[in-house]
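Report on one structure; see the data block that follows.
The values are calculated or read from the model by the stated rules, or taken from the named source; none is laboratory data. Quick caveat, the model's predicted, so the values are computed rather than measured. Because the Cβ atoms are built from the backbone with ideal geometry, glycine has one as well, and the counts that use them run over all protein chains shown. Heads up: the accessible areas ignore ligands, DNA and RNA and are worked out on the full protein's heavy atoms, side chains in. Shrake-Rupley method; radii C 1.70, N 1.55, O 1.52, S 1.80 Å.
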Amino acid sequence: MREMHRSALVPYSAEQMFDLIEQVEHYPEFLPWCTRTRLIERTDEVVSATVEVGFRELHVGVTTRNEKRRPEWMAIRMQDGSFRHFFGEWRLLPLGTLGCRIDFSLRYELALHTETLAGPLIDRAANQMVDAFVRRAEAVYAAAKGAEGTPPGPVDAPGQPA
């Protein structure tokens, strides 16, 4: 079983960050290892999608059904995919006018036949998740923040993998 935890303080609201995380259909635009997504369902309580990550000829997919409470929490639960176990969680803590704290955790185990080849790819992708969403927030929200006189970019660098 592999586990990772990442955190970041960002000058964007929990609502803004949650919306970026929840909009899976945009992942291929800013997650370099995300090759394809397919939105299955979106309600106020759940978002379900298939995400494919890959590099060259190696591709691993997972279909998740994620319970959510906007803007503070989303659980990532696998329904189908190339994993024996896959569970993640996003937590967003509002920090008033300072922005929010993002906490992301992921526990996963690949099926034996994909462990050797895909393990390093999944490790790298998982460890870059928070950084990628921070960069996406900067690209999407920095102009608006800059216009208000708030400097764009992270308040604090993302945390190190646990």
- Amide H to amide H under 5 Å from ILE76: which residues, 5+ apart in sequence or cross-chain, H placed 1.01 Å off N in plane? GLY88, GLU89, TRP90
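Thinking of the range 1-141 as a set of Cα atoms, what percent of all their pairs are more than 24 Å apart?
Working: 2525 of 9870 pairs.
Within the range 1-141, distances greater than 24 Å cover 26 percent of Cα pairs.
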- Query: Each label point is 7 Å from the Cα along the Cα-to-Cβ direction; what then is the distance between the points at HIS26 and GLU89, in nm?
  - Reply: 2.6
- Note on the structure: Checked against the positive end of the charge dipole of the range 1-134 (+1 on Cβ of Lys and Arg, -1 on Cβ of Asp and Glu, about the Cα centre), the farthest of VAL60, PRO28, LEU92 is VAL60
- Per the Debye formula with a single identical scatterer at each Cα and no solvent contribution, what log10 I(q)/I(0) holds for the range 1-69 at q = 0.18 Å⁻¹? -0.85
- Query: If you plug each phi of the range 32-39 into the Karplus form 6.51 cos²θ - 1.76 cosθ + 1.60 with θ = phi - 60°, what whole-Hz ³J(HN,Hα) values come out, in order, with x for Gly and Pro?
  - Reply: x, 8, 8, 8, 6, 9, 9, 6
- Note, the range 128-138: 3J(HN,Hα) by Karplus (6.51, -1.76, 1.60, θ = phi - 60°), whole Hz, Gly/Pro = x, goes 9, 4, 5, 4, 5, 6, 5, 4, 5, 4, 4
- Message: Can you give me the accessible area per residue for the range 1-135, using a 1.4 Å probe, in Å²?
- Response: 51
- Just flag the GluC sites (Glu not before Pro) in the range 13-85 sitting in loop per DSSP whose Cβ has no more than 10 other Cβ atoms within 10 Å. GLU45, GLU57
- Taking H as built 1.01 Å from N, whose amide H comes closer than 5 Å to the amide H of ARG36, not counting residues under 5 places away? GLU52
- Query: Got a sec to turn the phi values of the range 58-64 into Karplus ³J(HN,Hα) couplings, 6.51 cos²θ - 1.76 cosθ + 1.60 with θ = phi - 60°, whole Hz, x for Gly and Pro?
  - Reply: 8, 9, 10, x, 8, 9, 10
- Amide H to amide H under 5 Å from ALA111: which residues, 5+ apart in sequence or cross-chain, H placed 1.01 Å off N in plane? PHE83, ARG84
